[in-house]
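Following: one structure in C-alpha cells, then a few remarks.
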Amino acid sequence: MAILSMFSWWYTKGLADHLGRVRRMLQRVSNQFSLGLLLKTLFQPFRQISANTNYGDALEDKIRAWFDRLVSRIIGAFIRLFTMAVGVVVLIFTLVLSVVLIVGWLVLPVLPLFGIYLMNEVGVFWGALPWM
C-alpha cells in the first residue's frame, strides 16, 4: 500500500510541484536576460547617453550631435543583440535541461524494475552468479 501511495504522490502532486519548479527556472532565465525589454529598446542610445544638445545652432554642431547619437545607438544595438543571442542560447539550453528533468522525473520510479529485468536477462539475479 505504501508503494502505491508513493506512486500516486509521485505522478500527481510530486509531478505538479516538479513542473512548477521547472517553470520557475525557465522564468528566472528569461527574466535574467529580459529579452522582451532588450528587443523593445534595441535602437535606443547605449546607457541612455544622448549627445550634448548645447553645441549651438550651426549646421556642423547639429551634424556632430546627430553623429554622436548614431554611434551611441549602434553601440547599444550591438551590445543588446549580443546579449539577446547569449540569452537565447542559455534559454534553449535551459529548455533542453527542463525536458530532461521532466522525463527523468517520469522515468525514475520504474528504473529499479528495469534494473531487475536486466539483471534477470543477464543471469545474475536470484543467486545465479557465476562464482556461486
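The values are calculated or read from the model by the stated rules, or taken from the named source; none is laboratory data. This one's a predicted model, so the numbers in the text were calculated from it and none came from an experiment. Note that each Cβ is placed from the backbone with ideal geometry, even for glycine, and that neighbours are counted across all protein chains shown.
Overview of results
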item	result
Helices (runs of 4 or more DSSP H) contained in segment 1-88 and holding at least 3 residues closer than 30 Å to GLY104 by Cβ and at pLDDT 85 or above	2-11, 13-33
Flag if ILE116 is out of contact with any strand residue (DSSP E or B) (no Cβ under 8 Å at 6 or more places or on another chain), surrounded by 10 or more Cβ atoms within 10 Å (Cβ to Cβ) and either more than 30 Å from GLN27 (Cβ to Cβ) or modelled with pLDDT under 90 (or both)	yes
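Every residue, every condition in (1) without any contact (Cβ under 8 Å) to a residue 40 or more places away in the chain; (2) over 17 Å from ALA85 (Cβ atoms); (3) of a type outside the set (Ser, Thr, Tyr), yes or no:
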{"residue": "LEU4", "(1), (2), (3)": "yes, yes, yes"}
{"residue": "TRP10", "(1), (2), (3)": "no, yes, yes"}
{"residue": "LEU15", "(1), (2), (3)": "no, yes, yes"}
{"residue": "LEU19", "(1), (2), (3)": "no, yes, yes"}
{"residue": "ARG23", "(1), (2), (3)": "yes, yes, yes"}
{"residue": "ASN31", "(1), (2), (3)": "yes, yes, yes"}
{"residue": "LEU37", "(1), (2), (3)": "yes, no, yes"}
{"residue": "THR41", "(1), (2), (3)": "yes, no, no"}
{"residue": "GLN44", "(1), (2), (3)": "yes, yes, yes"}
